[in-house]
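Q: One structure coming up, written as structure tokens, with questions to follow.
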Amino acid sequence: MPKQALDFARDFAVRYFPEKEINLPENNQVSLDLEPCELRWVQTSAANPEEVCRDEMLRFFTKPVMQGLAMADVTFLCGRKEFGYRVVKALGQKGIKTVHTYEPEERESRRQKMGFYMGDAKVKATTLHSFKGWESRLLVIYIDQSVSEKDLALIYTGLTRIKRSEKGSCITVVSSSGYLAEYGKSWLDYQAKTTDLVY
């Protein structure tokens, strides 16, 4: 993980998990952490948050300094299949193809998971739960309005799925949750300080 992302994931764990359950990630890599990494928090009350998520993914492709960017580098994560499916449709309206695991029919969903895990040159989209153990260079995570304890654990998992890359990496959180707005402010403060430094 990039150091900046690691620090914010640690802060999330300290704020939202009981002390006995905190298992803070450690960065075992010895480096100067020169790889560019952008942390972005978008607090939204939009009626169509799926469009906000879509626009944040499209935003990656407007970054002039992003090197060797491919659709396959982008991953979208959320907690609910129904919402994920709406994001996939919103991307499709812009001509962006995806490989996803949001199909409501169980048999088709299993088939999609096979294609997802085997790799594809499209935007990847799945649930936070399904992405455990995987990493992505460019992540957009959506957090719904209501957040349970179980959701907090999944969000934490999502925050730790960013992969460091010498070509640059980015994690964007789109949140409709008022409960996490204060935590999001720490990201916004960081964004304000580093605007000229990233990408």
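Q: Quick one: which of Arg15, Arg54 is in a helix (DSSP H, G or I), at pLDDT 90 or above and over 15 Å from the mean Cα position of the chain (by Cα)?
A: Checking each option against the conditions leaves just Arg15.
Q: Now, a different point. Just to be sure before I move on: is Gly158 surrounded by fewer than 18 Cβ atoms within 10 Å (Cβ to Cβ) and of a type in the set (Gly, Ala, Ser) in the structure I sent?
A: Against the criterion (surrounded by fewer than 18 Cβ atoms within 10 Å (Cβ to Cβ) and of a type in the set (Gly, Ala, Ser)), Gly158 does not qualify.
Q: Consider region 170-199. How many of its residues are at pLDDT below 90 and not in a helix (DSSP H, G or I)?
A: 5
Q: Where residues in region 126-145 are of a type in the set (S, T, N, Q) and at pLDDT 90 or above, which of them is surrounded by the most Cβ atoms within 10 Å (Cβ to Cβ)?
A: Thr126
Q: Evaluate region 95-109: report whether one residue or more is under 28 Å from Gly184 (Cα atoms) and out of contact with any Lys or Arg (no Cβ under 9 Å at 6 or more places or on another chain).
A: No, because not a single residue in region 95-109 is under 28 Å from Gly184 (Cα atoms) and out of contact with any Lys or Arg (no Cβ under 9 Å at 6 or more places or on another chain).
Q: Quick one: in region 138-191, which of the residues that are of a type in the set (Phe, Trp, Tyr) and touching a residue at least 40 places away in the same chain (Cβ under 8 Å) is nearest to Val123 (Cα to Cα)?
A: Tyr142
Q: For region 30-51, what are the residues that are closer than 12 Å to Val174 by Cα and either at pLDDT below 90 or small (Gly, Ala, Ser) (or both)?
A: Residues satisfying the conditions are Ser45, Ala46.
The values are calculated or read from the model by the stated rules, or taken from the named source; none is laboratory data. What you see is a predicted model, and the numbers here were worked out from it, not measured in a lab. Every residue, glycine as well, gets a Cβ built from its backbone with ideal geometry; the counts of neighbours run over all protein chains shown.
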